[in-house]
Every structure is written in C-alpha cells, then in structure tokens.
Amino acid sequence: MPKGNQWTKQQLRQQLAVLSGETAPTKVLKNATYLNFGLHKWVNANIWLYNDRIVYVGKEMPANNETTEIIDCEDHYVVPGYIEPHAHPFQLYNPLSLGQYASQRGTTTLINDNLVLFLQLSIKKALTFIEELDKMPLSYYWWGRYDAQTELSAEKFTTKKMREWLAHPLVVQGGELTGWPGVLGGDDEILDWMQETKRLGKQIEGHLPGASDLTLTKLELLGVTCDHEAMTGEEAYRRLSLGLTTSLRYSSIRPDLPDILEQLLELGVDSFDRILMNTDGSTPAFYEQGISDKLVSIALSKGISPEDAYSMVTYNVARHYGMDDFHGMIAPGRLAHLNILSDKENPLPVSVIAKGEWIKKEGQECYPEVSFNWEKHGFKPLELDWSLTIDDLVYSSPVGIEMINSVITRPYNISIETSIEQLSNDNDECFFSMVDRNGKWRINTLLKGFVKNIGGFASTYSNTGDIFIIGKNKNDMLAAFNHVTEKGGGIALVEDGEVIAEIDLPLLGGMSRNRMEDLMEEEKSLVRELKRRGYPFEDPIYSLLFFSSTHLPYVRITQPGIYDVKKKTVLFPSIMR
C-alpha cells in the first residue's frame, strides 16, 4: 500500500527491537555502496533488513546477528528496485508473468492499467484480484481509467463504480485520460471523477499526443499532472516548461526515448527531477532487450549521469505518486526492494531482493513458486454457447477500413467484388469481421493494408474482448475462429485448414498462462508468419488492440458499428445475428 498502515503495531515493535539488539535483522547488506537520493550521490553503508522492510542504513553492524544472512556487497553497487510507471499488464502476458520476468531484470514495482479489469470483471472481483496480487513477491499498483477508449454497446463506467475503485489504496492515479477531448467539450461526468481523484490526493495521467500548449494548460487546470505522449524532445521540453511531470516512452510502437533524451540535452535540460521513463505496455518480444533496466541503459548511453538515470525509474516515480516513504529510496522505513549491481554503468542486476526476499541471487532466478487461482478471480477461458457459420460471413459494406500504420486506420471506398468465397492475393484487401463475444451482433467490412496473402486469421485478443476474424478465404476464417474458441481464447493463423501459427490465451481470451520467455517465442513466430504474408508495419499485436480504439483517428470498428472518430458518429451499425 502506498499510504497508511502497511505494518501492524506488533510488526512495528519488532522492527524497533532490531535496532535495540533484541531481535536480529533477517539480512544485512554489508559494505554496500548505494545510491542515496536524499544526497543524490553514492554512499557507503550497511543496510539492515527485517523481513520486508529496511530498518537501518548506516555505519553500524548489528550486535545480534546469529540468525542474520550477511551479504558482502564490496565491489558492488545497490540501487532501489526499479518502478515501471506505465504498465499495460494484459498484452498477451498477464500481471504475474510480466512481473516475474521484470523482476529478474530489477523491476520490482509495476503501476498498471486497469482497463481489462473494468471491462470484463465485476468491481468486487476486480478489487479482490488486486488485493490478492498485493500478496505476491512484487508490488502492484493500479490506475483508475475514466473511459474505455472505445464506443461500447453497454455502459461500463458508472459513478458508483468509479468512486469505489478510485478510493482503494492500491489505486494511485486516475487515467490515462484518453477521453480528454470530451472533457474539454463539456463532459462533466468524467470531470467529476477527475475531481474525486484530486480530492483523494491522487495523480491524473494524461494521454495527450500532439497537444498544443493551450490544450496542455487547459488540462492542467482540470487536474492532469503527468503525460507520457511526448514524441520529440521539443514536446517533452514544453511539458516540463508547463510544470507537467513528463514520462518518456520507449515502447514497441513508439521507441522514442533515445532521440528524446538527445534532443532534451541539446535544448539545455540539465535537471531530470520531473522526468520518468516507461515502456508503455510493449508487446512480449520487445521486452527481450529489457524493461526498466533497458531505459536506464539508454539514458546512460546518452551521457546522463547514473544518479539521474536511476532516479528516473525509482525515486522520481515514487515521489510523483506520493509514495517515496515506501518506495524509490534506500532509507529506513522503505520497502525492501533492492537491486545489487556489478557496476554503476550496468543496470541489469546480478541479484534482486523484493519485499526482503531473494528473487534473483548471483545471476540465478529464485523467484518463489506461486500458485494463483485465476478462475476464482474471474479469469476464465472463453466459453461460447453459440457458433459462427458461413452465413455470418457476408460482406456488402461500401466502405472498408484502411491501415495507415500499425494503429491508425481510415475509411476507403470498396471497389472489388465481395460476394465470393475467396479474395484474390493480388491485392492487400481482406474480409474483416468483429463478432460479439456473446454472439449477439457482428460487423462485416474489408480491411486494407493488413496482409496480402492469408487464408484465415482469428483473435480473441482485442480492446473489448470481442473477436476479430480476418482473411481471404471464408473456410479458413471459420477454421481459425473455431480453433481459438475451442481453445478458450487465442490467436490463430490458418491456411488450407492447417494452423500455421498460434498463441493460446485462456485467461479471459486475452492472456497467456505461459512464462514470458515462452510467450516471446510464440509471438515472434506469429509475427514472422504475418510478415511473410505481407504485414508491412511494426506491431500486429498492437494493431489488434487498437482496431477499436477511438482515441486514435480516423475510423474504428466498435461494438455499435464502424465509427467516425472526428464526427463521433456510427457510419455503419453492427448487425444483430
């Protein structure tokens, strides 16, 4: 918990007993050269831990140490566990698999998007779930989304639900605010939720790509305190100049961080106190190169001092969220999240302690075995009580959807014959359907620019949990749909009735149970096969996620139908089955 009484009175008395010598510390990091953010420099000290808390930092060694594990940190460096401030923990992986992988690279705290929880679980189950995760070896905190970043056929956001969610101590911010144009245009309901967030003393994260100084100023007046959408050094500089905490992004679709840091240095920025760094929910294979440790490596490679580079993924984050009394520092009273480094210039730790326990030691993973009952918390496999037939795959819309890049789509006039069973491989147009996961409606159109030659492709992974079907051959499209739904969720590429590549996603149809390392290989195989068939952009997984996302231009396929983002109107409604 970021605030309040995390430790009981009895536990606090036990911690004091360590200092008086009545009780032995559980661990002592001896001769530790650690990064002291109070002084903003490296200091030598002995660090005493008692269970999950740092109880002493100084020159003394405990007189009572018979049961203490003493770790000699001479020739090593110690920094706080890294904090990822902008995690989307449902990008094929799940919060546990992401956390376990991240921890081996030193990230021990994740601040997470709650959108999937809000859209697919009851508020009771969602809150029970985040409380259960809080018992895990790592620290998990959460956002409070104000909107679904798409159009829904049924309202999921209510004031009662929002207030209950925002009030929870594991929820540390409102946002990210993708629906800000509506707020500026008079949406007082979201503004009321923003005011409630501020009343609770919590931050509000924007989502403000390309915003002018005037727009940034207006949103600051409404309570926005941070934004992660700067794509150039100049945009980051303007946010800093206006007083916004600025979170710099290095992600699978926006790997802007190296250029932004270079440009900020050229602009004369020499204070990094209000800068954070994030990976913005990258897809699994992107994380092979690292998570927060990679961000620090990039900053170091641009000539930023180790003190500033590490602070942007530790102390700066904790201070922004008002939880530097628990996180982000090596100091008495803080949670015992610690990374032991071989060198200041190498942020990949040789050993990691989380909540006072080893999860990596001398290069070897020792993350504890965790048994988690996903179904108890509502994360069940997709189960359909309906079937899809060839009669559902009828395409008569005059307007299709054309991809400009991985995530931007626009309308185009369909000119090819669509009343056939198979489209030609001579063009990049495919049949494209979105089908309600409950089987009540469907939307049929064409998708241009996704691939050139493909049989059938289906995905239960989407922004809303509904099902996408894409392809040139209707029989292969049905085969792909049947395959992923029989598996309880997933993504599958089918040709001539044969599954070419697939990812099983049995948790709500959107998440894998596999370890990240295994999921990375599955994703790479799928992406490789799609690129062989003509996918021209960076990230097809993000394409699937954002097909329905109305915070992006120009048209989107949503539950009510094909939606014009600028005009805020449904161009062609979904059809009841």
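The values are calculated or read from the model by the stated rules, or taken from the named source; none is laboratory data. Computed from a predicted model, the values in this text were never measured in an experiment. Ideal geometry is used to build each Cβ from the backbone, glycine not excepted, and the neighbour counts take in all protein chains shown. In case anyone asks, the SASA skips ligands and DNA or RNA and just uses the protein heavy atoms, side chains included. Shrake-Rupley method; radii C 1.70, N 1.55, O 1.52, S 1.80 Å.
Observations
- Any hit, segment 340-354, residues being within 27 Å of residue 74 (Cα to Cα) and among the basic types (Lys, Arg): yes
- Against the test of being at pLDDT 95 or above and either closer than 16 Å to residue 85 by Cα or in contact with a strand residue (DSSP E or B) (Cβ under 6 Å, 6 or more places away or on another chain) (or both), the options 228, 168 yield a single qualifying residue, 228.
- Filter result for the condition that a residue is free of Cβ contacts under 8 Å to residues at least 40 places away in the same chain and either of a type in the set (Ser, Thr, Tyr) or within 24 Å of residue 548 (Cβ to Cβ) (or both), over 175, 179, 206: 206
- Restricting attention to segment 217-258, the residues being buried (at least 22 other Cβ atoms within 10 Å of the Cβ) and hydroxyl-bearing (Ser, Thr, Tyr) number 4.
- Within the option set 201, 206, being on the phi > 0 side of the Ramachandran plot and either in the same structural domain as residue 316 (by the TED database) or within 21 Å of the chain's Cα centre (by Cα) (or both) holds for one residue only, 201.
- Qualifying helices (runs of 4 or more DSSP H) (wholly inside segment 290-339; at least 3 residues being surrounded by fewer than 21 Cβ atoms within 10 Å (Cβ to Cβ)): 292-301, 306-311
- Hits in segment 373-402 (condition: loosely packed, with under 15 Cβ neighbours inside 10 Å and under 25 Å from the mean Cα position of the chain (by Cα)): 373, 375, 376
- Filter pass, residue 543 being polar (S, T, N, Q), touching a residue at least 60 places away in the same chain (Cβ under 8 Å) and touching a Phe, Trp or Tyr at 6+ places or on another chain (Cβ under 9 Å): yes
- Residue in segment 114-125 that is more than 26 Å from residue 229 (Cβ to Cβ), among the β-branched types (Val, Ile, Thr) and out of contact with any strand residue (DSSP E or B) (no Cβ under 9 Å at 6 or more places or on another chain) present: yes
- Meets criteria (within 17 Å of residue 559 (Cβ to Cβ) and surrounded by 24 or more Cβ atoms within 10 Å (Cβ to Cβ)) for residue 439: no
- Taken over segment 38-75, residues that are in a loop (DSSP other than H, G, I, E, B) and either open to solvent by less than 30 Å² (accessible area, probe 1.4 Å) or in contact with a strand residue (DSSP E or B) (Cβ under 9 Å, 6 or more places away or on another chain) (or both) amount to 11.
- All of 89, 85 fail the test of being closer than 19 Å to residue 106 by Cα, open to solvent by less than 40 Å² (accessible area, probe 1.4 Å), assigned by the TED database to the domain that holds residue 175 and part of a strand (DSSP E or B), apart from 85.
- Residue 361 meets each of the listed conditions (1) in contact (Cβ under 8 Å) with a residue 12 or more places away in the chain; (2) in contact with a strand residue (DSSP E or B) (Cβ under 8 Å, 6 or more places away or on another chain); (3) surrounded by fewer than 17 Cβ atoms within 10 Å (Cβ to Cβ); (4) of a type outside the set (Asp, Glu) apart from (1).
- Where residue 369 falls short, out of the listed (1) touching a residue at least 12 places away in the same chain (Cβ under 8 Å); (2) in a loop (DSSP other than H, G, I, E, B): (1)
- Only one of the numbered conditions (1) within 22 Å of residue 115 (Cα to Cα); (2) free of Cβ contacts under 8 Å to residues at least 40 places away in the same chain is violated by residue 266, and that is (1).
- Selection within segment 133-158 - open to solvent by less than 50 Å² (accessible area, probe 1.4 Å) and of a type in the set (Asp, Glu): 134, 147
- Long-range neighbours under 6 Å by Cβ, at least six apart or interchain, first residue not assigned by the TED database to the domain that holds residue 468 and of a type in the set (A, V, I, L, M) within segment 412-439, second at pLDDT below 95 and crowded, with 17+ Cβ neighbours inside 10 Å: none
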